[in-house]
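First the structure, in the form of structure tokens, and then the observations on it.
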Amino acid sequence: MTLAVGTNQESLIDESIREKSSQALCTHCGQAMPKSFQTTSVEKFCCAGCEAVWLMLHECGLEKYYAMQTAEGSSPNRPHRNSSQAYLDHAEFQSRHVQTLDDDRLRAELRLDGLKCGACLWLLEALPRLERGLMNSRVDLGRSVIALEWVSAQTSLSKIAQRIAALGYQVRPIGTLASRQEWRRQDRIWLIDIAVAGAISGNVMAIAFALYGAQFSWMDDPTRQFLQWTSVLLAAIAVLWPGRLFLRNAMNAIRARRPHMDLPIALAL
Ligand SMILES: [Zn+2]
Ligand SMILES: [Zn+2]
């Protein structure tokens, strides 16, 4: 009887193992394999893109990437296909975004999508080992920006971008000049808000000190009341004018029924 149960369980385990191996995972991206794709190598890949990247990383001695991704508890992105990057080589784009360093060395900064962890950063900074003519690649994780330096006689920005896409990341131009100016204008408005809030809180504090001092010396009632109301008024202005950003965001959060960092700030105000 017990023996029968034992063999039964064993066969169940066998079944689940067989199930797993038939749903093998891609060696590169770790996603389930579609039945349609037939790989030529011993390793299993979900698509030709994953296979190409895996081979490329091993040929260039960058296979450490996989161990790093595993250590980060992450997995490589699937390659981005097609998406033409030709616009990166157009004269109009180059005149706006590409800098000439010396002789035929060029430099550009691009916004980078798909960054997940330290392994991504490591791989993208090792990019010069994958792309001939690419001299330097630096990633600014905080701004999600990649700075590239290459020799124009040996490679092009579109080729580098294609390589980045094959690795599962994507580049796009950093905001145009117009949107940069828009940001600068917004920054100025915020700076003024901060200055106003600072000036008001300074005055409210001065009044508070005066009222506190009055506890120990004489102050007539009308003056005391005037100072108290002035400080209430100033505080109200501070909340409504520079504080409007938080209030507005909090209102939007309530309307969208989605929690937002500005909601508790607005409540505190
Ligand atoms: Zn894959
Ligand atoms: Zn990563």
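The values are calculated or read from the model by the stated rules, or taken from the named source; none is laboratory data. Since we're looking at a predicted model, the values are computed, not measured. A quick note on method: Cβ atoms are made from the backbone with ideal geometry, for glycine too, and the neighbour counts reach across all protein chains shown. Note: accessible area is taken over every heavy atom of the protein model, side chains too, but ligands, DNA and RNA are not part of it. Shrake-Rupley method; radii C 1.70, N 1.55, O 1.52, S 1.80 Å.
Kindly check whether there is at least one residue in the range 112-127 that is away from ligand 1 (no atom under 16 Å from the Cβ), surrounded by fewer than 18 Cβ atoms within 10 Å (Cβ to Cβ) and over 20 Å from the mean Cα position of the chain (by Cα). No, every residue in the range 112-127 fails to be away from ligand 1 (no atom under 16 Å from the Cβ), surrounded by fewer than 18 Cβ atoms within 10 Å (Cβ to Cβ) and over 20 Å from the mean Cα position of the chain (by Cα). Please enumerate the residues belonging to the range 43-92 that are within 16 Å of ligand 2 (Cβ to nearest atom), in a helix (DSSP H, G or I) and of a type outside the set (D, E, K, R). Passing the criteria: C50, V53, W54, L57, Y65, Y66, A67, M68, Q69, T70, A71.
So the check is Cβ under 8 Å with 6+ separation or different chains; which pairs have a first residue in the range 37-60 that's among the polar types (S, T, N, Q) and surrounded by 14 or more Cβ atoms within 10 Å (Cβ to Cβ) and a second one that's in a helix (DSSP H, G or I) and at pLDDT 85 or above? That search, which allows pairs on different chains as well, returns T39/E51.
Of all the numbered requirements in (1) among the β-branched types (V, I, T); (2) touching a strand residue (DSSP E or B) at 6+ places or on another chain (Cβ under 8 Å); (3) within 16 Å of ligand 1 (Cβ to nearest atom), I146 misses one, and that requirement is (3).
Of all the residues that make up the range 223-260, how many are at pLDDT below 75, in contact with a helix residue (DSSP H, G or I) (Cβ under 8 Å, 6 or more places away or on another chain) and outside any helix (DSSP H, G or I)? Looking only at that region, the number is 2. Scanning the range 93-111 for residues that are in contact with a helix residue (DSSP H, G or I) (Cβ under 8 Å, 6 or more places away or on another chain) and either open to solvent by 40 Å² or more (accessible area, probe 1.4 Å) or part of a helix (DSSP H, G or I) (or both) turns up F93, Q94, R96, E109.
Residue count for the range 192-222 satisfying the condition of being in a helix (DSSP H, G or I) and either hydrophobic (A, V, I, L, M, F, W, C) or under 18 Å from L269 (Cα atoms) (or both): 21. Within the range 66-92, the residues that satisfy the criterion of being more than 14 Å from ligand 1 (Cβ to nearest atom) and of a type outside the set (G, A, S) are M68, T70, E72, N82, Q85, Y87, L88, D89, H90, E92. Looking across the range 207-222, the residues that are at pLDDT 80 or above and either in contact with a Leu (Cβ under 7 Å, 6 or more places away or on another chain) or surrounded by 13 or more Cβ atoms within 10 Å (Cβ to Cβ) (or both) come down to I207, A208, A210, L211.
Pairing residues of the range 69-84 that are among the basic types (K, R) and open to solvent by 70 Å² or more (accessible area, probe 1.4 Å) with residues that are in a loop (DSSP other than H, G, I, E, B) and within 15 Å of ligand 1 (Cβ to nearest atom), at Cβ distances under 7 Å and at least 6 apart in sequence or on separate chains, gives R78/C29; R78/Q31; R78/G168. Looking across the range 130-157, the residues that are surrounded by 16 or more Cβ atoms within 10 Å (Cβ to Cβ), in contact with a Leu (Cβ under 8 Å, 6 or more places away or on another chain) and outside any strand (DSSP E or B) come down to L130, S152, T155, S156, L157.
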